[in-house]
Amino acid sequence: QVQLVESGGGLVQPGGSLRLSCAASGIIFTIDVMGWYRQAPGKERELVATITRGGSTKYPDSVKGRFTITKDNAEKKFYLQMNSLKPEDTAVYYCSIRDVVLHDYWGQGTQVTVSS
C-alpha cells in the first residue's frame with residue numbers, strides 16, 4: 001500500500017514562512033507528477049503547485065513568486081516552501097502523487113493557518 005504523509009503545517013503570522021514536506025512509503029513504480037493542493041472551509045480544493053518527473057513546475061497566479069515546490073526522487077519526498085504568507089492562504093494542504101498510468105495517491109492533509 002502506498003502511503004503519503006504531510007508535515008510542517010501550523011500557525012504563522014501574515015508575511016511569515018512555512019515549509020511543508022511530503023513523504024511517501026510503499027512501491028510507486030514510475031511517478032509522473034507530484035503536487036500540492038489546498039482546501040479552505042466552504043471552498044473547493046485547488047491546485048497550488050506541481051512538479052513533473054523531469055522537474056518542470058507550475059503555479060497558479062495566486063501563489064506564483066511566493067511558493068516553491070521541490071522534490072527528491074530517490075527518497076520519494078517533495079516539499080512546498082511558502083513565503084510571504086497571506087490570510088487567504090489558510091487551508092488544509094494535501095500532497096499528491098500521480099503515476100504514469102494515472103493512479104493518484106493522497107496524504108491526509110496538514111493545517112496551515114495564517115493569522116495575526
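Restricting ARG66, ARG45 to those that are at pLDDT 95 or above, open to solvent by less than 70 Å² (accessible area, probe 1.4 Å) and of a type in the set (Lys, Arg) reduces the list to ARG66. Taking the conditions (1) open to solvent by less than 50 Å² (accessible area, probe 1.4 Å); (2) in a loop (DSSP other than H, G, I, E, B) in turn, THR50 satisfies each one other than (2).
Of all residues in the range 93-106, one or more are of a type in the set (Phe, Trp, Tyr), in contact with a Gly (Cβ under 7 Å, 6 or more places away or on another chain) and under 12 Å from GLU6 (Cβ atoms). GLY15 fulfils the conditions (1) open to solvent by less than 80 Å² (accessible area, probe 1.4 Å); (2) at negative phi except for a single criterion, (2).
Is one or more of the residues making up the range 87-100 open to solvent by 60 Å² or more (accessible area, probe 1.4 Å), in contact (Cβ under 8 Å) with a residue 60 or more places away in the chain and among the β-branched types (Val, Ile, Thr)?
Step one: list which residues in the range 87-100 are open to solvent by 60 Å² or more (accessible area, probe 1.4 Å), which gives 87-88, 98, 100.
The next check asks that each one be in contact (Cβ under 8 Å) with a residue 60 or more places away in the chain; those that pass are 87, 98, 100.
If we keep only those that are among the β-branched types (Val, Ile, Thr) as well, we get 100.
Yes: one or more hits.
Scanning the range 103-116 for residues that are touching a residue at least 24 places away in the same chain (Cβ under 8 Å) and more than 13 Å from the chain's Cα centre (by Cα), we see that the one that is least open to solvent (accessible area, probe 1.4 Å) is VAL114.
To keep it simple, each residue is scored yes or no on (1) assigned to a loop (DSSP other than H, G, I, E, B); (2) more than 14 Å from the chain's Cα centre (by Cα).
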residue	(1), (2)
VAL5	no, no
CYS22	no, no
LYS43	yes, yes
PRO60	yes, no
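The values are calculated or read from the model by the stated rules, or taken from the named source; none is laboratory data. From a predicted model like this one, the values you see are computed outputs, not experimental measurements. No Cβ is skipped: glycine too gets one built from the backbone with ideal geometry, and neighbour counts run over all protein chains shown. Heads up: the accessible areas ignore ligands, DNA and RNA and are worked out on the full protein's heavy atoms, side chains in. Shrake-Rupley method; radii C 1.70, N 1.55, O 1.52, S 1.80 Å.
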